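Q: Got a structure for you, questions after.
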Amino acid sequence: MAAGRAFPYTARTTCYIEIHRDGRVTHGTDRATYERAVAGESRLYAVWPGNWSSDLFMIDDLDEYAKAHGIKHDVQRTGLADHVHRVRWTESDGDQNPRSPYVDVEVVLDCGCTIESLGVFAAQMREQKGWAVATSVGWSRCSGPEGTTYSLRVRRKSLAA
């Protein structure tokens, strides 16, 4: 049975196993793993642990796997078109530690995109503006009549670039 987008490709507990044609076993989710699987040089499996047992799945929808891991761009999954975003930002009004390497910012996307994947947005902002968006901390969005505002943490020095 095909799971498509419903499969937990990016769940923290999902572990990927790659079995190469020569019998070697490795793990990972990088572009090279995907390219070897597409080329038929290896087979890709996922272990999804449960409470008392784990399930093993062969990844046969490599396209969905690549989209989930950001190897292939997916507007539906990320909310972000593959273009240069029109971004407005300001530092948050909250109490900010001036010695912290990160600063809280409020971001508005004037290009019509929405942020559904912080990791993809962070990668796009790194490439487009040189920003170092923190992906290991929480972020939020607030929608109102004026649009949607996202609250993020960004490395302070990268905003000046």
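The values are calculated or read from the model by the stated rules, or taken from the named source; none is laboratory data. Everything quoted here is computed from the prediction, not taken from an experiment. Every residue, glycine as well, gets a Cβ built from its backbone with ideal geometry; the counts of neighbours run over all protein chains shown. To get the accessible areas, we keep the full protein, side chains included, count just its heavy atoms, and leave off ligands, DNA and RNA. Shrake-Rupley method; radii C 1.70, N 1.55, O 1.52, S 1.80 Å.
Q: Considering only protein heavy atoms and a 1.4 Å probe, what is the carbon-and-sulfur percentage of the accessible area of the chain?
A: That fraction is 49 percent.
Q: Express the Stokes-Einstein translational diffusion coefficient of the stretch 53-96 in µm² s⁻¹, to the nearest whole number, given a Kirkwood radius over alpha-carbon pairs, 37 °C and a viscosity of 0.692 mPa s.
A: The calculation lands on 232 µm²/s.
Q: Enumerate the whole-percent occupancy of each 10 Å bin, from 0 to the last occupied one, for all C-alpha pair distances of the stretch 29-122.
A: That works out to 13, 29, 27, 19, 12, 1, in percent per bin.
Q: Further, regarding this structure: Taking a temperature of 25 °C and a viscosity of 0.890 mPa s, what whole-number D in µm²/s does Stokes-Einstein yield for the chain with Rh from Kirkwood over alpha carbon pairs?
A: So the translational diffusion coefficient is about 137 µm²/s.
Q: Hey, can you find the accessible area per residue of the chain for me, probe 1.4 Å, expressed in square angstrom?
A: 63 Å²
Q: Here's a follow-up. Rounded to whole Å and sorted largest first, list the principal axis extents of the Cα atoms in the stretch 81-161.
A: 34, 29, 21
Q: How compact and how long is the stretch 1-55, expressed as Rg and Dmax of its alpha-carbon atoms in Å?
A: Rg, Dmax (Cα atoms, Å): 12.1, 35.
Q: Sort the following peptides by mean Cβ neighbour count (other Cβ atoms within 10 Å, averaged over residues), highest first: 80-90, 94-104.
A: Averaged packing, sorted descending, gives the order 80-90, 94-104.
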